[in-house]
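Below is one structure; the comments refer to it alone.
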Amino acid sequence: MIFEICAIVVTTVFTLLGIYIIRTLCVLQQTLHSVDHATKNIDDKIKQMDSTVKAVSNMADICQEKVHRIKAHEAYRLDLENRKNNYTEDFADVAVAGLKLIVNYLRR
């Protein structure tokens, strides 16, 4: 009789343990499904953000190119301005040298 009671208790315990494991696995499956759904949502949002990030990157490239062109144009303008000033000084030097040559020629 004791063996029968022990067998019934052990069977009941194993049955309860099995039910507990099955319920735990069902909850885990639902949790994994929720995580999978959340991951898909995040992946979709990342794909949507990808085009935005590319657009911002393209705008940054365009701005960088514009800044480079502006710097190059400003350097070119300053170079022309310096050349214009240098030609004026060179012309004055040539004029003075020419006058000196004329004066030396007339002295002879």
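The values are calculated or read from the model by the stated rules, or taken from the named source; none is laboratory data. Values in this document were obtained by computation on a predicted structure and should not be read as measured data. No Cβ is skipped: glycine too gets one built from the backbone with ideal geometry, and neighbour counts run over all protein chains shown.
At-a-glance table
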item: Residue in the stretch 15-25 that is under 38 Å from the mean Cα position of the chain (by Cα), surrounded by 10 or more Cβ atoms within 10 Å (Cβ to Cβ) and in a helix (DSSP H, G or I) present; result: no
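Yes or no, residue by residue, for (1) at pLDDT 85 or above; (2) surrounded by 10 or more Cβ atoms within 10 Å (Cβ to Cβ); (3) hydrophobic (A, V, I, L, M, F, W, C):
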residue	(1), (2), (3)
Lys45	yes, yes, no
Met49	yes, yes, yes
Val53	yes, yes, yes
Met59	yes, yes, yes
His68	yes, yes, no
Ala75	yes, yes, yes
Leu80	no, yes, yes
Tyr87	no, yes, no
Asp93	no, yes, no
